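Visitor: Here it is: the structure, laid out below.
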Amino acid sequence: MSLPFQGIFHKFCSYEWVCRLLMTIIGVLACGFSVGFFQAANFGTDPFTAFATGIANLFHVSYGMLYPWLNLILLIAMFFYGRHYIGIATIINLVGIGFMADLSKSFLLQITPAPDLTTRILYLFIGMIILCLSASMYMTSDLGVSTYDVVAISLAKLKTPLQFRFWRVLTDFLCVLIGFLLGATIGVGTIFTAFCMGPFLQFFNEKLWDPLLIRMRSADIHRQRNREKDFETDSKN
């Protein structure tokens with residue numbers, strides 16, 4: 001096998017890359033699954049979901065049907081202002097989150113057609129944990145970002161003194177405002193997500209996913225060294 005192809009083969013067969021790929025797929029789909037918990041809890045969703053729900057209300061379609069089209073529009077715009085952020089996670093986000101959200105909401109409402117207050121609080125808590133855990137998972141994998149996430153990232157790259165956190169707060173506020181005006185539920189879930197998601201993401205990044213990738217990287221280095229030793233032994237023989 002030639003050296004260029006050997007390098008590509010080793011990269012995409014490394015423990016770290018396979019781990020990143022699985023983290024991306026599971027993380028993005030789990031994010032969509034968590035949205036169903038927020039919707040079933042009916043205490044409000046994260047800002048972008050509130051925005052998408054409002055647009056879905058405007059066109060009288062389900063969230064799952066609207067979400068891919070909304071993201072397709074943002075993806076087209078992304079080619080002009082942030083194409084280098086496009087990756088596997090972007091594509092899976094485009095086609096998978098809406099479907100998973102509708103699937104999980106339908107499943108939960110079949111189990112509890114009219115959830116009481118305690119059940120709704122439980123759904124909110126579970127949804128929040130799954131969202132933070134899965135969002136941290138796919139963001140740490142570094143194989144692309146969602147079309148919405150890149151909006152604030154790109155705005156922060158402009159030649160202004162304003163940092164990313166300002167643009168994220170601004171885009172979240174606009175999403176919440178538009179969603180509210182179009183009939184989306186804005187409640188404690190929305191506020192809880194806005195203020196608590198950051199600390200949870202940082203906790204999972206530092207305590208779970210970053211250490212996992214470091215272990216995978218170390219395993220790849222160890223495997224590469226063993227491969228080099230085997231090659232040297234074969235050469236001598």
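Visitor: Among the listed residues Phe59, Phe43, Phe37, identify the single one that is without any contact (Cβ under 8 Å) to a residue 60 or more places away in the chain, farther than 16 Å from Ser146 by Cα and in contact with a helix residue (DSSP H, G or I) (Cβ under 8 Å, 6 or more places away or on another chain). Don't jump to the end; show me each part of the working.
Guide: Working: Phe43 fails: without any contact (Cβ under 8 Å) to a residue 60 or more places away in the chain; Phe37 fails: without any contact (Cβ under 8 Å) to a residue 60 or more places away in the chain.
After ruling out the rest, the residue left standing is Phe59.
Visitor: Can you work out which of the residues in region 152-196 that are polar (S, T, N, Q) and not in a helix (DSSP H, G or I) is farthest from Ala77 (Cα to Cα)? I'd like the intermediate steps shown before the answer.
Guide: Of the residues in region 152-196, the ones polar (S, T, N, Q) are 154, 160, 163, 171, 185, 190, 193.
So of that shortlist, the ones also not in a helix (DSSP H, G or I) come out as 160, 163, 185.
Details: Thr160: 21, Gln163: 22, Thr185: 27 Å.
Once the filter is applied, the top-ranked residue is Thr185.
Visitor: Give me the pairs: first residue in region 107-128 and closer than 13 Å to Asn42 by Cβ, second residue surrounded by fewer than 15 Cβ atoms within 10 Å (Cβ to Cβ), beta-carbon distance under 7 Å, and six or more apart or on different chains, which are they?
Guide: Thr119/Thr112; Arg120/Asn42
Visitor: Moving to a separate point now. I need the helices (runs of 4 or more DSSP H) fully contained in region 1-70, keeping only those with at least 2 residues that are surrounded by 24 or more Cβ atoms within 10 Å (Cβ to Cβ) and at pLDDT 85 or above.
Guide: By residue number, 15-41, 47-59.
Visitor: A further question on this structure: May I ask you to verify whether Tyr85 is aromatic (Phe, Trp, Tyr), modelled with pLDDT under 85 and surrounded by fewer than 18 Cβ atoms within 10 Å (Cβ to Cβ)? Give the derivation first.
Guide: Details: aromatic (Phe, Trp, Tyr): yes; modelled with pLDDT under 85: yes; surrounded by fewer than 18 Cβ atoms within 10 Å (Cβ to Cβ): yes.
For Tyr85, the condition - aromatic (Phe, Trp, Tyr), modelled with pLDDT under 85 and surrounded by fewer than 18 Cβ atoms within 10 Å (Cβ to Cβ) - is met.
Visitor: Mind listing whichever residues of region 132-162 are crowded, with 16+ Cβ neighbours inside 10 Å and among the charged types (D, E, K, R)?
Guide: Hit for region 132-162 is Asp149, nothing else.
Visitor: Could you give every pair whose Cβ atoms fall below 7 Å, whose first residue belongs to region 190-217 and is among the charged types (D, E, K, R) and modelled with pLDDT of 75 or more, and whose second residue is buried (at least 16 other Cβ atoms within 10 Å of the Cβ) and assigned to a helix (DSSP H, G or I), counting only separations of at least 6 or pairs across chains?
Guide: Close Cβ pairs (under 7 Å, with a partner that is buried (at least 16 other Cβ atoms within 10 Å of the Cβ) and assigned to a helix (DSSP H, G or I)) amount to Asp210/Thr140.
Visitor: Say we look at region 186-217 and pick out the residues that are surrounded by 15 or more Cβ atoms within 10 Å (Cβ to Cβ) and among the small types (Gly, Ala, Ser); which of these is nearest to Leu174 (Cα to Cα)?
Guide: Residue satisfying both the conditions and the ranking: Ala194.
The values are calculated or read from the model by the stated rules, or taken from the named source; none is laboratory data. Not measured: the values here are computed from a predicted model. As a convention, Cβ positions derive from the backbone with ideal geometry for all residues, glycine included, and neighbour counts pool all protein chains shown.
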